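Working notes, structure below.
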Amino acid sequence: MKNIDTKCVQAGYQPQKSGDPRILPICQSTTYYYDKPEELASVFDLKTDNYMYSRISNPTVAAFEKKIADLEGGVGALATSSGQAAMLITVLNVCSTGDHIVASSNVYGGTYNLLDVTLRRMGIDTTFIDPDCSENELCAAIKDNTKIVFAETVSNPSVTVLDFDKFAKVCKKKDVLFVVDNTLATPCLCRPLELGANIVTHSTTKYIDGHAVTIGGIIVDGGTYTFQGSKRYPEFDRPDDSYHGIVYTKDCGNAAFITKARVQLMRDLGACQSAQNAFYCNLGTETLHLRMKRHSENALKIAQAVQGHKKIDWVKYPLLPGYQYYDLAKKYLPFGAGGMLSIGLSGGEDSAYQFIRNLKLLKLVTHVADSRSCLLHPASTTHRQLSDAALEACGVPKNLIRISAGIEDGEDIVNDILHALERI
Ligand SMILES: *Cc1c(COP(=O)(O)O)cnc(C)c1O
């Protein structure tokens, strides 16, 4: 299975013997039977790879994890109850009180809040940097206690494109973990692990589910960071007292990060994905390659149709010629940039509200990246908790409308938008 389109459909679950279900079964069981006590003990010792309890792992969830790990090109994955949980577990897997994170200032509002407020309260400090900063500025932001450099492939909702080469080069030089949220690009359009990222996170709530039916997240380990002998992450080389002395670098090889995340943090925090939800995400992923093409085509159609419109100040879409991040998009997202674009209404917030009221096909919802076209005014909703200064810093002015192009007919979507603009 070489091609990504085939992996979307076939990776993960495979029937093993005659009479097995062809389709991934939903394994609705919390527990797993063992014949001999030594067998179960061996599972707990991580000597035998098998199931013990569904908070740690479950066959349906495992099949979905395998599919996404395969798509991203990682050595393993851990599905979580939400995208937020994926980010939290990623952070806590390497950060303790007193540690530090460097994050792009235009990350998703929920991530910004987690880093800026909740994790700060726990003594984990974040420096937000301008994603367009120079290599030297990025280097200077990384301190001895920095454990993660974090950014999004395509940022939500400011639609900037990550300069992978710049970030990867600095992270490699400083020997710090490079974590990328690939939610809006998906592995069909961009594979961060091939571009120097060590860890990839997703909100599976978005394109992976694709139909807006379930909240979920996933962490993928590229297996590319050498924790063995690392001064920055000594706990990976030391016995874990909470897991009867396991040494992750020794016992788990290049899957040290994802194994620790599962057996230590998922065990303790419990933000696991249910079998039912993993089934939905797995089913969604079977058509991900087809949907991402249509989402991308429709978003570009909308961007081109509204560019230069008298009621619009600006349009941001990565693959729109002339856009500030067009060259980066051409380099890293050559086959499409996903369905999200943002537009700035020339009449400010009032016009933005009027525009929303005038739409018929596009609905106002707190969501992006599902099959139905939708939109949101972030400044009054998802980004409401941010100060005006923080809004500016993360690239979300008050006249910004975030549009998520669905997979309907492109002309129908464009017509709905143009009619709504006319009537402002
Ligand atoms: C939605 C989103 C999240 C948060 O995911 P949830 O599943 O809503 O918890 C994180 N990052 C990005 C880029 C998102 O779009």
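Throughout, read-outs are computed from the coordinates displayed, never taken from laboratory work. This one's a predicted model, so the numbers in the text were calculated from it and none came from an experiment. Positions of Cβ are generated from backbone atoms using ideal geometry, with glycine treated the same way; all protein chains shown enter the neighbour counts.
Once you have a ≥ b ≥ c as the square roots of the Cα gyration tensor eigenvalues for the stretch 119-196, tell me rounded if a/c is under 1.5, and otherwise prolate or oblate according to whether a/b is larger than b/c.
Cα axes put the stretch 119-196 in the prolate bin.
Assign unit charges at the C-beta atoms only (+1 for Lys and Arg, -1 for Asp and Glu), then state the dipole size of the chain relative to its Cα centre in Debye, rounded to the nearest 20.
360 debye
Lys/Arg Cβ at +1, Asp/Glu Cβ at -1, dipole of the chain taken about the Cα centre: which of Ser230, Gly347, Ala140 is farthest positive-ward?
The residue sitting farthest along the positive end of the dipole is Gly347.
I need the shape label for the stretch 1-106. Rule: rounded when a/c is under 1.5, else prolate if a/b > b/c, else oblate, with a, b, c from the alpha carbon gyration tensor. Intermediate results must be reported in sequence, preceding the final value.
Details: a/c = 2.40, a/b = 1.27, b/c = 1.89.
Judged from the Cα gyration tensor, the stretch 1-106 comes out oblate (a/c at least 1.5, b/c at or above a/b).
Could you identify which residue out of Asp125, Asp70, Asp165 has the top mean-square fluctuation in a GNM of the chain using Cα springs shorter than 10 Å?
Comparing Asp125, Asp70, Asp165 in the GNM, the peak value goes to Asp165.
Assuming a ≥ b ≥ c are the square roots of the Cα gyration tensor eigenvalues, decide whether the stretch 349-393 counts as rounded (a/c under 1.5), prolate (otherwise, with a/b larger than b/c) or oblate.
Because a/c hits 1.5 or more and a/b fails to exceed b/c, the stretch 349-393 counts as oblate.
What residues have an amide H closer than 5 Å to that of Thr48, excluding those fewer than 5 places away on the same chain, when H is modeled at 1.01 Å from N in the peptide plane?
Hits under the 5 Å cutoff: Val43.
Using all alpha carbons of the chain, what is the percent of pairwise distances in each 10 Å bin, ordered from the shortest bin to the longest?
5, 22, 31, 25, 12, 4, 1, 0
Please report Tyr53, Tyr332 as a ranked list, fewest other C-beta atoms within 10 angstrom at the top and most at the bottom.
Taking fewest neighbouring Cβ atoms as first place, the list is Tyr53, Tyr332.
Can you give the angle from 0 to 90° between the axis of helix 59-72 and the longest principal axis of the chain, with both taken from C-alpha atoms, to the nearest 10?
So the inclination is approximately 60 degrees.
From the alpha carbon gyration tensor of the stretch 215-264, can you work out the equivalent ellipsoid semi-axes (sqrt of 5 times each eigenvalue) and give them in Å, largest to smallest?
They are 19, 14, 9 Å, listed from largest to smallest.
Can you tell me the dipole magnitude for the stretch 339-424 around its Cα centre, using point charges on the Cβ only (Lys, Arg +1; Asp, Glu -1), in Debye to the nearest 20?
Here the stretch 339-424 has a charge dipole of around 260 debye.
Taking the Cα centre as origin and putting +1 on Lys and Arg beta-carbons and -1 on Asp and Glu beta-carbons, what dipole magnitude results for the stretch 91-140, to the nearest 20 debye?
On the way: 2 positive and 7 negative charges, 67 e Å.
Computed about the Cα centre, the dipole is about 320 debye.
Which of the residue pairs Lys173/Lys330; Lys172/Lys231; Lys147/Lys174; Lys66/Lys293; Lys206/Lys260 have a Cα-Cα distance greater than 21 Å in the structure shown?
Over 21 Å Cα-Cα: Lys173/Lys330; Lys66/Lys293; Lys206/Lys260.
With the radius of gyration and the Kirkwood radius both derived from the Cα set of the stretch 291-424, what is their ratio Rg to Rh?
For the stretch 291-424, the value is 0.94.
Which residue, Met266, Met122, Met52, has the most motion in a Gaussian network model of the chain that connects Cα atoms within less than 10 Å?
The residue that fluctuates most here is Met122.
Between Asp241 and Glu39, how high is the FRET efficiency from 1/(1 + (r/R0)^6) when r is the Cβ-Cβ distance and R₀ = 22 Å? Nearest 0.05.
It comes out at approximately 0.30.
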